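Peer 1: Right, I'll just put the structure down here and ask away after.
The values are calculated or read from the model by the stated rules, or taken from the named source; none is laboratory data. Note that the coordinates shown come from a computational prediction; the quantities given were computed from them, not determined experimentally. Note that each Cβ is placed from the backbone with ideal geometry, even for glycine, and that neighbours are counted across all protein chains shown.
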Amino acid sequence: MQKLVGAGEFQRAEPNHFAEQLRTESLSVGTYSIPAGGVDDQAPHHEDEIYVVTAGRATIVTPGGTEPIGPGDVLFVPAEEEHRFTEVTEDLALLVFFAPPYSGR
């Protein structure tokens, strides 16, 4: 058992911040923070992702449409799917699970 202290907590960073809290052979976990008014410039990933919104409000945009998000929402984004967080109206903190582990770009 391992407790991931600080996972899911907003990290003040300009423009955005990603911190990995755990990596195993099968998955990785990190926190992605976007400040209010920030721009999400990420590219599609090679891994499936689950986002858990722990703080803030924004809109997620995918080829399938847009959806407002807020604390408690859980999002699944399959590998290679374009996605972006827009209209970040409150500091956004997302707990991100990648499977397989995040490989970066």
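Peer 1: Could you please let me know if residue 76 is in a strand (DSSP E or B), out of contact with any Pro (no Cβ under 8 Å at 6 or more places or on another chain), without any contact (Cβ under 8 Å) to a residue 60 or more places away in the chain and not small (Gly, Ala, Ser)?
Peer 2: The answer is yes for residue 76.
Peer 1: Residues to consider are 9, 25, 49; find the one that is in contact (Cβ under 8 Å) with a residue 24 or more places away in the chain, under 23 Å from residue 100 (Cβ atoms), out of contact with any Gly (no Cβ under 6 Å at 6 or more places or on another chain) and assigned to a loop (DSSP other than H, G, I, E, B).
Peer 2: Residue meeting the stated conditions: 25.
Peer 1: Also: Hey, could you check the range 1-27 for residues that are small (Gly, Ala, Ser) and surrounded by fewer than 18 Cβ atoms within 10 Å (Cβ to Cβ) and say which is farthest from residue 74 (Cα to Cα)?
Peer 2: Taking the candidates together, the pick is 13.
Peer 1: Go through the range 59-73 and report how many residues are in a strand (DSSP E or B) and surrounded by 12 or more Cβ atoms within 10 Å (Cβ to Cβ).
Peer 2: Qualifying residue count, the range 59-73: 7.
Peer 1: Right, residue 62: closer than 25 Å to residue 100 by Cβ, touching a residue at least 24 places away in the same chain (Cβ under 8 Å) and not basic (Lys, Arg) or not?
Peer 2: So residue 62 fails the test.
Peer 1: Kindly list, by first and then second residue, each pair from a residue in the range 89-105 that is surrounded by 15 or more Cβ atoms within 10 Å (Cβ to Cβ) and modelled with pLDDT under 95 to a residue that is assigned to a strand (DSSP E or B) and charged (D, E, K, R), limited to pairs with Cβ atoms under 9 Å and residues at least 6 apart or on different chains.
Peer 2: 102/20; 102/23; 102/49
Peer 1: Sort out which residues of the range 79-102 are assigned to a strand (DSSP E or B) and more than 12 Å from the chain's Cα centre (by Cα), and write them in order of number.
Peer 2: 86, 87, 88, 89, 90, 91, 99, listed by residue number.
Peer 1: Given the criteria at negative phi, buried (at least 16 other Cβ atoms within 10 Å of the Cβ) and part of a loop (DSSP other than H, G, I, E, B), does residue 36 qualify?
Peer 2: No.
Peer 1: Still on this structure: Of the residues 30, 56, which single one is out of contact with any Pro (no Cβ under 7 Å at 6 or more places or on another chain), crowded, with 18+ Cβ neighbours inside 10 Å, at positive phi and assigned to a strand (DSSP E or B)?
Peer 2: Criteria check complete, one pass: 56.
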